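The values are calculated or read from the model by the stated rules, or taken from the named source; none is laboratory data. If you're wondering where the values come from, they're calculated on a predicted model, not measured in any experiment. We place every Cβ from the backbone using ideal geometry, glycine too, and count neighbours over all the protein chains shown.
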Amino acid sequence: MKVPFNRPSLTANELPYIEQALKEAHLSAYGNFTKRCHSILEEAIGVKSAFLTCSGSAALEMAALLADIKAGDEVILPSFTFLTTASAFALRGAIPVFVDVHPENMNINEELVAAAIGPKTKAIVPVHYAGLPCNMDALQAIAEKNNLLLIEDAAHALHSKYKGQEAGSFGAISILSFHAAKNVNSGEGGALLVNDPDLIERAKIIWDKGTNKGELSKGLVSFYSWQALSSAFAPSEITAAFLLAQLEQSREITQERSLIWNRYHEAFETLEAREHLKRPALTADIQQNGHIYYLILNSQNERDRLIEFLLAREISALFHYVPLHLSPAGKAYGRSHGNLPVTEDYSRRLLRLPVFKGLDLDSQAYVCRSVQEFFSRN
């Protein structure tokens with residue numbers, strides 16, 4: 001039995017919607033499919049405005065512009081994240097300040113966030129790793145107390161919830177990713193979400209390549225002109241058409257992946273009780289979306305041997321990020337706030353198991369049996 005790590009989800013409507021976009025002959029950005037995606041995201045997540053982007057990375061770069069991040073500003077974020085969480089701000093001349101994660105999960109440690117705030121701090125960027133939301137009550141309180149922007153990196157977290165509220169709806173600005181590896185995908189794609197009403201008009205200008213073209217389309221001006229620094233962030237209607245098919249079934253996709261996540265979690269309870277591994281911490285405050293199921297092994301050697309053991313059985317299991325504070329660019333453009341022992345330790349011991357829409361019961365049972373067999377032999 002061969003079990004891949006990921007298989008991008010598909011519905012029945014991607015091709016029909018793309019064909020419709022071709023017939024309408026509006027293939028560049030800002031068309032009807034984009035508008036329909038915006039409406040779904042705004043209603044589903046509970047945000048004031050959504051803006052599709054070419055990727056989650058592009059959404060982060062747009063967020064940095066919208067937040068008016070400047071050279072010398074500091075932005076606090078976890079080291080255990082994808083590189084563009086940091087590089088989007090470093091591109092504006094800001095300094096990423098890396099802090100450690102919780103020992104219970106791979107999310108930013110809010111107590112260390114508070115200690116890392118200095119006179120140059122401009123924003124806090126929590127990352128909902130694996131679709132398990134951060135402690136948003138604490139992070140919101142810290143941001144409000146220190147007059148800082150809260151920018152959620154919810155790339156993993158579409159339809160994850162914290163205390164019943166959708167991830168991505170807490171920050172003044174949030175981002176999503178629709179990369180092929182995500183629950184809901186458009187091959188490449190992302191979205192910027194804006195919750196602060198004072199930022200919406202500026203977000204529209206940045207999304208319109210730094211122009212007031214939106215005012216022209218409404219007849220408010222007779223011509224449009226360059227208003228602000230920006231780039232070409234919006235995706236084509238082909239991408240939006242594909243994404244619309246996915247968004248219309250996003251709840252069903254999330255439900256299926258969450259069931260897969262729950263089956264893994266139950267299957268490995270005994271192994272955790274025997275101290276062979278550590279499972280993700282699932283508390284009453286959070287609702288996972290089945291994006292990533294990971295295990296923390298007792299050593300890097302054991303993690304690597306389990307990856308090899310599963311690969312020999314044609315099961316693809318992977319490690320994840322190299323901590324940014326240990327990377328060449330992380331050292332050149334950012335700095336750590338103190339030591340990051342949990343990040344460094346857990347990143348060497350973390351293993352991700354296959355999760356995707358369409359992973360059938362027999363395949364998942366095979367993965368679970370194989371992991372259990374590894375520990376029975378060792």
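Of the residues Asn301, Asn262, which is surrounded by fewer than 16 Cβ atoms within 10 Å (Cβ to Cβ) and closer than 30 Å to Ala12 by Cα?
Of the residues listed, the single one that is surrounded by fewer than 16 Cβ atoms within 10 Å (Cβ to Cβ) and closer than 30 Å to Ala12 by Cα is Asn262.
When you scan the stretch 304-349, how many residues do you find that are in a loop (DSSP other than H, G, I, E, B) and surrounded by fewer than 20 Cβ atoms within 10 Å (Cβ to Cβ)?
Final tally of qualifying residues: 11.
For Ile238, which of the numbered conditions (1) touching a residue at least 40 places away in the same chain (Cβ under 8 Å); (2) buried (at least 18 other Cβ atoms within 10 Å of the Cβ); (3) out of contact with any helix residue (DSSP H, G or I) (no Cβ under 7 Å at 6 or more places or on another chain) fails to hold?
(3)
Out of all the residues in the stretch 37-48, is one or more assigned by TED's automatic domain parsing to the domain that holds Ile173, of a type in the set (Val, Ile, Thr), over 17 Å from Asp198 (Cβ atoms) and at pLDDT 95 or above?
yes
Tell me, which residue of the stretch 206-231 that is touching a residue at least 12 places away in the same chain (Cβ under 8 Å) and loosely packed, with under 12 Cβ neighbours inside 10 Å is farthest from Ala67 (Cα to Cα)?
So, considering only residues that are touching a residue at least 12 places away in the same chain (Cβ under 8 Å) and loosely packed, with under 12 Cβ neighbours inside 10 Å, the one farthest from Ala67 (Cα to Cα) is Ser225.
State all residues of the stretch 249-290 that are over 25 Å from the mean Cα position of the chain (by Cα), part of a helix (DSSP H, G or I) and either hydroxyl-bearing (Ser, Thr, Tyr) or on the phi > 0 side of the Ramachandran plot (or both); if no residue qualifies, say none.
Thr270 - this is the single residue of the stretch 249-290 that is over 25 Å from the mean Cα position of the chain (by Cα), part of a helix (DSSP H, G or I) and either hydroxyl-bearing (Ser, Thr, Tyr) or on the phi > 0 side of the Ramachandran plot (or both).
A quick yes/no check of all residues on (1) buried (at least 24 other Cβ atoms within 10 Å of the Cβ); (2) in contact with a Gly (Cβ under 9 Å, 6 or more places away or on another chain); (3) modelled with pLDDT of 95 or more; (4) not assigned by TED's automatic domain parsing to the domain that holds Ala317:
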{"residue": "Met1", "(1), (2), (3), (4)": "no, no, no, yes"}
{"residue": "Ile18", "(1), (2), (3), (4)": "no, no, yes, yes"}
{"residue": "Glu24", "(1), (2), (3), (4)": "no, yes, no, yes"}
{"residue": "Gly72", "(1), (2), (3), (4)": "no, yes, yes, yes"}
{"residue": "Val99", "(1), (2), (3), (4)": "yes, yes, yes, yes"}
